[in-house]
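The values are calculated or read from the model by the stated rules, or taken from the named source; none is laboratory data. Note that the coordinates shown come from a computational prediction; the quantities given were computed from them, not determined experimentally. With ideal geometry, Cβ positions are generated from the backbone for all residues, glycine too; neighbour counts draw on all protein chains shown.
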Amino acid sequence: MLLFLDIGGGELLLIILVGMLLFGTDKLPGIIRGIAKGTDYIKKASEEVREQITRETGLDDAINDVKETVSKTANDISEGFDPDFKNADVSKDVPVHPENTDPQSQQDTQPAADGSNKRHQ
């Protein structure tokens, strides 16, 4: 409801209670309606100002140019890939249990150079 003001539920409840104490329960709904209309008016006015600034500075054209360039680049990149590669199933080329490539663990499992059964430490 009042997210742009960053008001939580507890804070809103406190504001309502203070409003009830200050203005009474009979006038509070009218005051809340007036505040809601005011915030709605402010949001619409700020949106209109943002749109007007965007139009006058030419940002719409710049944003559209950037979007078009990104789209063309993405299409060029996707067209550059080999269609057979995009549709290929590479999962069969990947081993289920890959070999251990850790040099430390391979060194520990190699027999000693003198032919004994002692392992390198």
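If you go through segment 43-55 one residue at a time, do you hit one that is exposed (fewer than 10 other Cβ atoms within 10 Å of the Cβ) and either modelled with pLDDT under 75 or hydrophobic (A, V, I, L, M, F, W, C) (or both)? No; the residues of segment 43-55 include none that is exposed (fewer than 10 other Cβ atoms within 10 Å of the Cβ) and either modelled with pLDDT under 75 or hydrophobic (A, V, I, L, M, F, W, C) (or both). Taking segment 45-79 as the range and being among the small types (Gly, Ala, Ser) and on the phi < 0 side of the Ramachandran plot as the test, the residues that pass are Ala45, Ser46, Ala62, Ser71, Ala74, Ser78. When Thr25 is tested against (1) among the hydroxyl-bearing types (Ser, Thr, Tyr); (2) without any contact (Cβ under 8 Å) to a residue 12 or more places away in the chain; (3) surrounded by 10 or more Cβ atoms within 10 Å (Cβ to Cβ), exactly one condition is not met: (3).
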